[in-house]
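Inspection log for the structure reproduced underneath, given as structure tokens.
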Amino acid sequence: MKIKFHEAAWNEYLDWQRTDKALLRKVNLKRGLVMERVQKRRDALRRAGLRPVQIWVPDTRRPGFDEECRRQSQRAAQSDLADTELLAAMEEILTDVDSWTP
């Protein structure tokens, strides 16, 4: 004895499976094309004598980043103002700038 509800649910599941597999095929195809393009670019950069390097940088989206950045900038500015040798060197450089021609 067949129960139509279960059969309908099963058919819906099968339709979903087919759709899901087709979508996965499209995604995998697109991913493959992107990966191929990225690999070509990396190969070209390597042929140019470059190598990939990973660097870690501060997360500017992190809460408190702007306050910490401001604090460090103010400390650096205060330190520069307290350094008389640096100020003298900067003044000397500024006098030399006047002789530059565009």
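Confirm whether residue 43 is under 24 Å from the mean Cα position of the chain (by Cα), on the phi < 0 side of the Ramachandran plot and surrounded by 10 or more Cβ atoms within 10 Å (Cβ to Cβ). Yes: the conditions hold for residue 43.
For segment 1-12, filtered to residues that are part of a helix (DSSP H, G or I) and surrounded by fewer than 10 Cβ atoms within 10 Å (Cβ to Cβ), the residue that is modelled with the highest pLDDT is 6.
The values are calculated or read from the model by the stated rules, or taken from the named source; none is laboratory data. Predicted model, so just to flag it, every value in this text is computed and none were measured. Cβ sites come from the backbone with ideal geometry, for glycine too, and all protein chains shown count toward neighbours.
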